[in-house]
Amino acid sequence: MSEEETYIVTPEEAGQRLDQFCQAQLEGISRARVQAWIDEGQVSLNDKPTKASQRLKANDRVGITEPPIEPTAILPEAIPLTIVYEDADLLVIDKPQGMVVHPAPGNAGGTLVNALLHHCKDLSGVGGVARPGIVHRLDKDTSGLLVVAKHDRAHAGLAAQIQAKDALRQYWAVVRGHMESPDGRIDAPIARHPTQRQKMAVVQGGRQAATRWQVLETFRGYDLVELTLETGRTHQIRVHLAHLGHPVVGDAAYGGEVKVPVKLAGQALHARRLAFVHPVSGEAMQFEAEPPENFRKLLAYLR
């Protein structure tokens, strides 16, 4: 068990709720997690248990004992990873096609998280559990870059950048047909498909979703398109391109399954470029990853 840290409420902080005050002292810790600590008796006010909504007075003493990190139920697995960058706070991974990011029913093992638990010996945990913090995901059959946090502060900082649209996430896709213009933007809400529950769709009343595109190269019957996410909905790029009538080549779920003399391991969609500000050091960071071999072979064939 960690030692109790004591904080004295200043006159400027008087009137704040206890949970608000605690969150301000604990960078990167969510309000929900702070409230759970208060309910569990890990937080005291003038040496007594209290409730999250308690208003504070100047010179009150707030004691916070951070609970130990709980072990995760996910098993580490010695799965090779392509690590583009790593430090004490985060990793940038070039994920291969065919790898699921997080364990789920039907994919209990062999995932990126299983591999990260084996690789990382310095996880301080996210959300009170000794696990890597998945800030954004890639579909199983999408390759490319994603950033992973090693602790709460890094996770909160990266997630805030994505939420504020300050992080850059760019993809390459080979699509069927030709885009209507050399560049553009689609803003169309996405939700679960009304009848095919494994799929997403453009649905009125769904969550706002926006994607920008630029055509990089044109072939006979196909385009190579660069796509920039403004939001990060499930299957967003695949759904938006299919909605525009130009599904990603190889995407069986959204109408992009076509016969080309190149064996694809999934859809021709690759997370090419990732840029963000380091959540601890404040350094601007940018990474690029070449598409996988089958994607490059497809481009060579089309050229």
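The values are calculated or read from the model by the stated rules, or taken from the named source; none is laboratory data. Quick caveat, the model's predicted, so the values are computed rather than measured. Reconstructed Cβ throughout: ideal geometry from the backbone, glycine too, with neighbour counts over all protein chains shown.
Some notes on this structure:
- Gly256 vs. criteria part of a loop (DSSP other than H, G, I, E, B) and surrounded by fewer than 22 Cβ atoms within 10 Å (Cβ to Cβ): no
- If you go through region 45-98 and keep only what is in contact (Cβ under 8 Å) with a residue 24 or more places away in the chain and of a type in the set (Lys, Arg), you end up with Lys51, Arg55, Lys57, Arg61, Lys95.
- Here region 101-122 is the region considered, the condition is being more than 16 Å from the chain's Cα centre (by Cα) and in a loop (DSSP other than H, G, I, E, B), and the residue that is nearest to Gly144 (Cα to Cα) is Gly110.
Residue-wise test of (1) touching a strand residue (DSSP E or B) at 6+ places or on another chain (Cβ under 7 Å); (2) farther than 21 Å from Lys95 by Cβ.
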{"position": "Val202", "(1), (2)": "yes, yes"}
{"position": "Phe219", "(1), (2)": "no, yes"}
{"position": "Val225", "(1), (2)": "yes, no"}
{"position": "Val239", "(1), (2)": "yes, no"}
{"position": "Ala253", "(1), (2)": "no, no"}
{"position": "Val258", "(1), (2)": "yes, yes"}
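- Only a single criterion out of (1) over 30 Å from Asn107 (Cβ atoms); (2) assigned to a loop (DSSP other than H, G, I, E, B); (3) touching a Lys or Arg at 6+ places or on another chain (Cβ under 7 Å) is not satisfied by Lys51, namely (3).
- Going through (1) polar (S, T, N, Q); (2) within 30 Å of Glu283 (Cα to Cα); (3) surrounded by 18 or more Cβ atoms within 10 Å (Cβ to Cβ) one by one, Gln42 falls short only on (2).
- Across region 195-221, the qualifying residues are those that are over 21 Å from the mean Cα position of the chain (by Cα) and polar (S, T, N, Q), and the one among them that is nearest to Leu302 (Cα to Cα) is Thr218.
- Of all residues making up region 282-296, the number that are touching a residue at least 40 places away in the same chain (Cβ under 8 Å), over 21 Å from Glu217 (Cα atoms) and not hydrophobic (A, V, I, L, M, F, W, C): 1
- The set of residues in region 180-205 being out of contact with any Lys or Arg (no Cβ under 6 Å at 6 or more places or on another chain), surrounded by fewer than 15 Cβ atoms within 10 Å (Cβ to Cβ) and not acidic (Asp, Glu) consists of Ser181, Pro182, Gly184, Arg192, Pro194, Thr195, Gln196, Arg197, Gln198, Gln204, Gly205.
- Qualifying position, being in contact with a strand residue (DSSP E or B) (Cβ under 6 Å, 6 or more places away or on another chain) and at pLDDT 95 or above, among Arg233, Arg273: Arg273
- Complete set of residues in region 161-194 that are touching a residue at least 12 places away in the same chain (Cβ under 8 Å) and under 13 Å from the mean Cα position of the chain (by Cα): Gln161, Ile162, Lys165, Ala167, Leu168, Arg169
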